[in-house]
Amino acid sequence: MYATLAAMIAARAPEFADRLCELLSQQLVSALERLGRPTVTSASAGISEKQPALSRSRALLRFAAELMNVDLVSPQALLSLFDQLLHDEEEADRRNRKDVPRTAIGDNLHQRQVVLTFLVGGVLPFAARELADRLPDDLHRVCARVCTHLRQSALPGADHKPSRSSLSSSSSSSSTSNEPIHPLAVFPTDPHRSRQLVLLLADALEEAAQRRWACEAVPRPHAFFSSQLSQSRARGSLRVPRLGEPLGDDFFAPLGCDMRLFSNIESSIGIELDRLIVKWHCQDVLDNVRSTHKAAAQLLLNMPGLQERYSHLNLVVESMLEESLRLPNTRQSALAYSDIAIDLCKMLPARFPSALSRGVNELYHALGHMDPECADRLAAWFAHHLSNFEFQWGWMAWAPALTDRALLPQRRWIQQSLERIVRLSYRQRIERTLPEPFRPLLPAEPTPRLDLMFEDADAPVAQAGLPGGSAGSVPQPLKASAPLRQLAAQVVELFRAKKGSAEVLELLRASSLHRADVIRVLMHCVLRLGARSLTHLLTSLERYGAALSEMLRDRVDRINALDAVAEFWANSHQRQVIVIDRLLNALVLDSSSVISWLFTEPQLQQFTLEWPWAILRSIIRKQVTRSEHLHSQLHKNVVEAQGTTQSKDTEKALRSGIDAALRQQKELFLVIFQRLTMALADRLLRGASRDDSETGRGTDDAADVAQQSMDVEEGELEEGEMQESPAFVVDDWLRRTLGYMLELGRKYQKELRPLIHTMETILFTDEVDPVIMQVYKSFSRC
């Protein structure tokens, strides 16, 4: 519409065309130069920073194509623009074929050209009809070059075209062990639901070219004003941008995968390119409409020419869920997508809730193939959505997950969702709305275990935790002995008398108990003092932080303290995460001790849950944020105070701090990936040894044996109840741990890039299990 309006203005003011095209050229060069450069300083906020430049570049290129449609830009000028961008792609390919060492700038140049080719391919359908009438040979040449470059830029590995009939059975199909893992795929082990965008666009362009570019989803508003536009003879000159080499610190993530939920969309929407264009429109709305979520919901429902089609709602649901699960980061906050979904349900109550329910059920049945980070995001969104609709859901449709061993990922996900739902309400409220068979999956009442150490169990916070749920599978801590309870009572008396850290330390040092027991007593007492609220916790740490720091001198002491935190808040994983985070902020604990504790055997068994990974993410985020903050401070100092003596001293201090922060960041990443590699290798070895010694079924079913053994240990099966499991039931611990390892690698790929050589030298060597190497290569080679 804007291009049509511009053409009608140019019919009366011919100089307008030159001014518009000059401004468009400037904006396009600026947007293309900014590709890969973050617009905000924090890379750990969880929201994508590069997308505004990519979205703006696509919008400007499409506007140039629409100007050609209304004859304000010549077809030759538009094709020259496309040829220049594709010429840069060929130059990048030639550079990468040379036998020269790959550098950061070389990798960035290649990745940028992949993005440019994808932009050209995405804009080409909007100008294809006019170009087919005027310059058909040139259009065929450009389309062939785009498709060739897109196929060459795809990540290596099997990526076959999905069939419509295969979607219905994809959730029960297994992928082979040598199938590649795309780091940005929502369903990395299901090629029917996740396909690389570059290959999908190449196939769609070839299909559209064979059908003479008959794309119903491409709007043609200028056709209604052909008589008025024919009076205009003004044409502007479009300047072809010539981009320089990207900077060494620029970063271009690989293009992701298309997520396909429904199998019947193409039959009612049109060709595959129509589906992509409609999804891109939905993504643009979700990406650019930030003023109000109600306006975004209205735009999604009122797409010209598509409102009357029932599958239009399926595409809206698919696009919304895909955006909320986008890897490695979402473009907006998760709450924004949730608000839009709520508005759509209220605007179209007769149709949209059922379409959204179908989409959620499709994701639910594919949980066995879903990336663990995406499963966690889905659980968070699902809980927030239900909280706005009285927590009503058709739970009984998911009842098979309670008894079918093949649906272990679904049962884990329901349990995780219920834990998040309870956080948004309270347990008794959710228990009333939940069917009886699902109530054992509810988490325990989030109350502290005061009964372990204290006799006065009638305190207001000393309610007994309800059994079952996520805490039910964890071994319950034992009550303290009489001497420990006596010492705890004396410490509590000091707290009530408002004594300071010196008096508490004097009492603890005079005790004849073992040091680990003394630390356990002190932690229980401090946590009891801060158990009522976050404010109470912060006050208790401020008052007795000195006593804690004095007692927790080495790593062993700190691990004992963390064990005390885990047993005190055994009924609430959320409070465990909060307490450990506050202890880190208060410098009572250090990151290395927390990491060592997380990789002890009792905590390793809980790696199928989200809370250990929440702690790891928090530790990494704090370190990366500190490094970024120092970099921004250095840049600010260089810009604002150049040449002065004080600025030089400040710059020297900042550079020293940056070096120290980067060194700590490097050590942190190496320690985490070393511990992950060792834990995964041990699990794989134990699974293989169980398989060979106990069952003799061969190495292909080692994961099934490990899963059954884990279920016996957790009480889900009785001894002697080991039975054959379907081939697609994999070890849930391995699946989720490998998935979370992949999450850390792709989220901090920019920070890990300087460490690749070191990691390959000391961690990911040829002796590492191929399963682990497969995950490592998926985030280090893209």
Of the listed residues (509, 528, 553), the one being charged (D, E, K, R) and closer than 19 Å to residue 594 by Cα is 553
Scanning the stretch 319-365 residue by residue, those among the basic types (Lys, Arg) and either over 20 Å from residue 398 (Cβ atoms) or under 19 Å from the mean Cα position of the chain (by Cα) (or both) turn out to be 326, 331, 346, 351
Here the residues within the stretch 17-29 that are open to solvent by 60 Å² or more (accessible area, probe 1.4 Å) and modelled with pLDDT of 85 or more are 19, 22, 23, 26, 27
Scanning the stretch 60-71 for residues that are closer than 17 Å to residue 239 by Cα and open to solvent by 10 Å² or more (accessible area, probe 1.4 Å), the one farthest from the chain's Cα centre (by Cα) turns out to be 71
- Query: When you look at residue 767, is it open to solvent by less than 60 Å² (accessible area, probe 1.4 Å) and either acidic (Asp, Glu) or at pLDDT below 90 (or both), yes or no?
  - Reply: no
Of the listed residues (603, 623), the one being out of contact with any Cys (no Cβ under 8 Å at 6 or more places or on another chain) and either surrounded by fewer than 15 Cβ atoms within 10 Å (Cβ to Cβ) or under 27 Å from residue 522 (Cα atoms) (or both) is 603
Among helices (runs of 4 or more DSSP H) entirely within the stretch 540-621, at least 1 residues that are free of Cβ contacts under 8 Å to residues at least 24 places away in the same chain and of a type in the set (D, E, K, R) occur in 601-604
Restricted to the stretch 366-379 and to residues being in a helix (DSSP H, G or I) and more than 12 Å from the chain's Cα centre (by Cα), the residue nearest to residue 330 (Cα to Cα) is 379
Residues of the stretch 386-440 being among the aromatic types (Phe, Trp, Tyr) and either in contact (Cβ under 8 Å) with a residue 12 or more places away in the chain or closer than 26 Å to residue 369 by Cα (or both), in sequence order, are 389, 391, 393, 395, 398, 413, 438
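This table checks each residue for (1) of a type in the set (Val, Ile, Thr); (2) crowded, with 21+ Cβ neighbours inside 10 Å; (3) at negative phi; (4) in contact with a His (Cβ under 7 Å, 6 or more places away or on another chain).
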residue: 534; (1), (2), (3), (4): no, no, yes, no
residue: 539; (1), (2), (3), (4): yes, no, yes, no
residue: 546; (1), (2), (3), (4): no, no, yes, no
residue: 556; (1), (2), (3), (4): yes, no, yes, no
residue: 583; (1), (2), (3), (4): no, yes, yes, no
- Message: Among the residues of the stretch 319-328, are any in contact with a Gly (Cβ under 9 Å, 6 or more places away or on another chain) and of a type in the set (S, T, N, Q)?
- Response: no
Every listed condition ((1) in a loop (DSSP other than H, G, I, E, B); (2) of a type outside the set (Lys, Arg); (3) in contact with a Ser or Thr (Cβ under 6 Å, 6 or more places away or on another chain)) holds for residue 390 save (3)
Of the residues in the stretch 497-529, those that are over 19 Å from residue 483 (Cα atoms) and either in contact (Cβ under 8 Å) with a residue 12 or more places away in the chain or not in a loop (DSSP other than H, G, I, E, B) (or both) come to 500, 501, 502, 503, 527, 529
The correct count of residues that are of a type in the set (Lys, Arg), at pLDDT below 90 and farther than 26 Å from residue 216 by Cα in the stretch 308-343 is 1
Across (1) of a type outside the set (Gly, Ala, Ser); (2) within 28 Å of residue 733 (Cα to Cα); (3) open to solvent by less than 10 Å² (accessible area, probe 1.4 Å); (4) modelled with pLDDT under 95, residue 434 clears everything bar (4)
Residue hits (the stretch 393-431; assigned to a helix (DSSP H, G or I), surrounded by fewer than 19 Cβ atoms within 10 Å (Cβ to Cβ) and out of contact with any Pro (no Cβ under 9 Å at 6 or more places or on another chain)) are 397, 400, 428, 429, 431
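The values are calculated or read from the model by the stated rules, or taken from the named source; none is laboratory data. Keep in mind it's a predicted model, so treat the numbers as computed, not measured. When we count neighbours, we look across all protein chains shown, and the Cβ atoms used for this are built from the backbone with ideal geometry, even at glycine. For accessibility, only protein heavy atoms count, side chains too; no ligands or nucleic acids. Shrake-Rupley method; radii C 1.70, N 1.55, O 1.52, S 1.80 Å.
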